[in-house]
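The next block holds one structure in the form of structure tokens; read it before the comments.
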Amino acid sequence: MVGARRRGAALEEAILQAAVDELTESGYPGLTMDRVAKRAGTNKNAVYRRWPNRAALGIAAYHRLTATTVEVPDTGDLRTDVLELLRMANRTWSSPYGEILRGLLADPDLLAQLGERAADGGSAMWLTVLGRAVARGEVRPEALHPRVATVAVALLRNEFVTRGVPNAPDEVLVEIVDEVYLPLVRSR
């Protein structure tokens, strides 16, 4: 007896899991619609009906792979909270997941699609930390702006993207916080 044909959510889940597995094993350069379809036990048409191209599938798989609930630090001190957020980002970007992300970022067309998937531009955690600092009187409310809030992580991302470092040393994180981030948010 042949197994029941999967449809809808069950088939989509199988395809997405196959894409996650391919991305983990081969990175974005090795991700192909053919390999995903074969691993999922379906045909390429079924994959293309759900994801129009390899880029869209790669992004969906990456988001599935990295989907976790991040606890926003709340130590009662802005500097300590910001350093912890940067250290968390550094650990992620230094991990195999970071290698996959760098593969995705190497494709300029994917950059825009990745940004679209992160509707808040990644600012929610940073605004939470800044909001708490405002409530404690550490910074003025004018600091609560998404671009200001994410300056530290943008500078860390720059270390990975333009300098090609596999892991930013902790001294760099401290420098970003002490020399750029804290003076910026406290001057607003």
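The values are calculated or read from the model by the stated rules, or taken from the named source; none is laboratory data. Owing to the predicted nature of the structure, the values given are computational and were not obtained by experimental measurement. Here Cβ is always computed from backbone atoms with ideal geometry, including for glycine, and neighbour counts include all displayed protein chains. We work out accessible area using only protein heavy atoms, side chains counted, and drop any ligands, DNA or RNA first. Shrake-Rupley method; radii C 1.70, N 1.55, O 1.52, S 1.80 Å.
For (1) closer than 16 Å to Thr24 by Cα; (2) touching a helix residue (DSSP H, G or I) at 6+ places or on another chain (Cβ under 8 Å); (3) surrounded by fewer than 18 Cβ atoms within 10 Å (Cβ to Cβ), each residue gets a yes or a no:
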residue: Pro52; (1), (2), (3): no, no, yes
residue: Thr66; (1), (2), (3): yes, yes, yes
residue: Pro73; (1), (2), (3): no, yes, no
residue: Asp77; (1), (2), (3): no, no, yes
residue: Val82; (1), (2), (3): no, yes, no
residue: Ala89; (1), (2), (3): no, yes, no
residue: Trp93; (1), (2), (3): yes, yes, no
residue: Gly98; (1), (2), (3): yes, yes, no
**Request:** Search region 33-50 for residues that are polar (S, T, N, Q) and pair each with any residue that is open to solvent by 10 Å² or more (accessible area, probe 1.4 Å) when their beta-carbon atoms are under 9 Å apart and the residues are at least 6 apart or on different chains.
**Result:** Thr42/Arg6; Thr42/Leu11; Thr42/Ala14
**Message:** If I ask for residues that are at pLDDT 80 or above and within 11 Å of the chain's Cα centre (by Cα), which ones from region 78-114 would you list?
**Reply:** Ala89, Thr92, Trp93, Tyr97, Gly98, Ile100
**Message:** I'd like the residue in region 175-188 that is open to solvent by less than 40 Å² (accessible area, probe 1.4 Å) and among the β-branched types (Val, Ile, Thr) and, out of all such residues, is nearest to Gly137 (Cα to Cα).
**Reply:** Val185
**Item:** Flag if Ile59 is outside any loop (DSSP other than H, G, I, E, B), touching a Gly at 6+ places or on another chain (Cβ under 8 Å) and of a type in the set (A, V, I, L, M, F, W, C)
**Value:** no
**Request:** Could you run through region 69-108 and say how many residues are more than 23 Å from Pro183 (Cβ to Cβ) and among the charged types (D, E, K, R)?
**Result:** 5
**Fill in**
Filtering region 136-150 down to residues that are assigned to a helix (DSSP H, G or I), touching a helix residue (DSSP H, G or I) at 6+ places or on another chain (Cβ under 6 Å) and in contact (Cβ under 8 Å) with a residue 12 or more places away in the chain yields Ala143, Pro146, Ala149
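To keep it simple, each residue is scored yes or no on (1) assigned to a helix (DSSP H, G or I); (2) within 15 Å of Trp93 (Cα to Cα).
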residue	(1), (2)
Leu127	yes, no
Arg132	yes, no
Ala168	no, yes
Val172	yes, yes
Ile176	yes, no
**Candidates Thr150, Thr162, Thr128, filtered to the one that is buried (at least 17 other Cβ atoms within 10 Å of the Cβ) and of a type in the set (S, T, N, Q)** = Thr150
